[in-house]
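Encoded as structure tokens, the structure appears first; notes follow it.
The values are calculated or read from the model by the stated rules, or taken from the named source; none is laboratory data. This is a predicted model, so every value here is computed, not measured. Virtual Cβ from ideal backbone geometry, glycine too; neighbours counted across all protein chains shown.
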Amino acid sequence: MSDELKRRAAKRALQAVRPGMKLGLGTGSTAEHFVRLLGERIAAESLEVVCVPTSEATRNLAQEVGVPITTLEHEPALDLTVDGADEIDSQLRLIKGGGGALLREKIVASASTRMIVIADESKHVGTLGRFPLPVEVVPFGLAATRRAIVSLLGARGLSTSLELRQKGNDPFVTDNGNYIFDLKLGAIDEPERLAADLSKIPGVVEHGLFIGLCSGAVIAAPDGEEILG
Ligand code: 5RP
């Protein structure tokens, strides 16, 4: 059911795509539906768009399904990014990075006039933070960066367990050659403050709090799609 909801959200967001648009393509299972549906529409309507993928996985998928790819070097200003999310609240604040693509996702979303999030209803939350917050860090100085994050959270009275994301027996490596800490916070009362604090830590490349980037969302439920924003 959840997969069908993801597909329905993607299909609805596809309605926002117009000929000539420059698009950002998200990463993950929901974004995958969007890329596949976009490929079908391009084939059916000879729709002319160019797209910047947010991961190597999405780049490979886009090429496979006939979606034209470009880069931010060629197209630094995009019209619309469509991406999934791990959590979204009523203020359109997000947690992203469950798939490990948060850095490119944030760069691409920031380069876009609009960002539409597509999600099934399970992602729509009252308070962010049940999903562990991904934080991308450079491998150099890993223990020191970890210590700085723990100290920051402790000073703010937040208790967390912080795990280095693994792939098998090795650290998970992002498309940018970095590692990810997943911060189990439970609830994030002040996302803006936490986002600003995390960004100040040397060694933190980016965090999965997306604030002020999402302009709309399609939340698919069994009884229909809810539009936020
Ligand atoms: C990848 C992401 C994804 O958008 C997020 O993890 C949601 O994925 P899915 O659609 O598979 O639930 O942020 O970095």
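Restricted to region 107-144, and to residues there that are away from the ligand (no atom under 16 Å from the Cβ) and assigned to a strand (DSSP E or B), the residue that is surrounded by the fewest Cβ atoms within 10 Å (Cβ to Cβ) is T113. Scanning region 82-100 for residues that are touching an Asp or Glu at 6+ places or on another chain (Cβ under 9 Å), part of a strand (DSSP E or B) and either more than 6 Å from the ligand (Cβ to nearest atom) or free of Cβ contacts under 8 Å to residues at least 40 places away in the same chain (or both) turns up L94, I95.
None of E87, E105 is at pLDDT 95 or above and within 15 Å of V52 (Cα to Cα) except E105. Of the residues making up region 1-48, those that are within 16 Å of the ligand (Cβ to nearest atom), of a type in the set (A, V, I, L, M) and assigned to a helix (DSSP H, G or I) are L5, A9, A10, A13, L14, A31, V35, L37, L38. Just one of the numbered conditions (1) over 16 Å from the mean Cα position of the chain (by Cα); (2) hydrophobic (A, V, I, L, M, F, W, C); (3) in a loop (DSSP other than H, G, I, E, B) is not true of L61; which one? Failing condition for L61: (3). Just one of the listed residues (E48, E75, E32) is surrounded by fewer than 15 Cβ atoms within 10 Å (Cβ to Cβ) and modelled with pLDDT of 95 or more, namely E48. For region 63-81, does any single residue satisfy the condition of being within 13 Å of the ligand (Cβ to nearest atom) and in contact (Cβ under 8 Å) with a residue 60 or more places away in the chain? No, there is no match, as no residue in region 63-81 is within 13 Å of the ligand (Cβ to nearest atom) and in contact (Cβ under 8 Å) with a residue 60 or more places away in the chain.
In this structure, S159 does not qualify as of a type in the set (S, T, N, Q) and assigned to a helix (DSSP H, G or I).
Can you name every residue in region 130-144 that is without any contact (Cβ under 8 Å) to a residue 60 or more places away in the chain, among the hydrophobic types (A, V, I, L, M, F, W, C) and over 24 Å from E87 (Cα atoms)? Result: A143, A144. Among the residues of region 145-170, just one is surrounded by 10 or more Cβ atoms within 10 Å (Cβ to Cβ), free of Cβ contacts under 8 Å to residues at least 12 places away in the same chain and closer than 21 Å to L102 by Cα, namely Q166.
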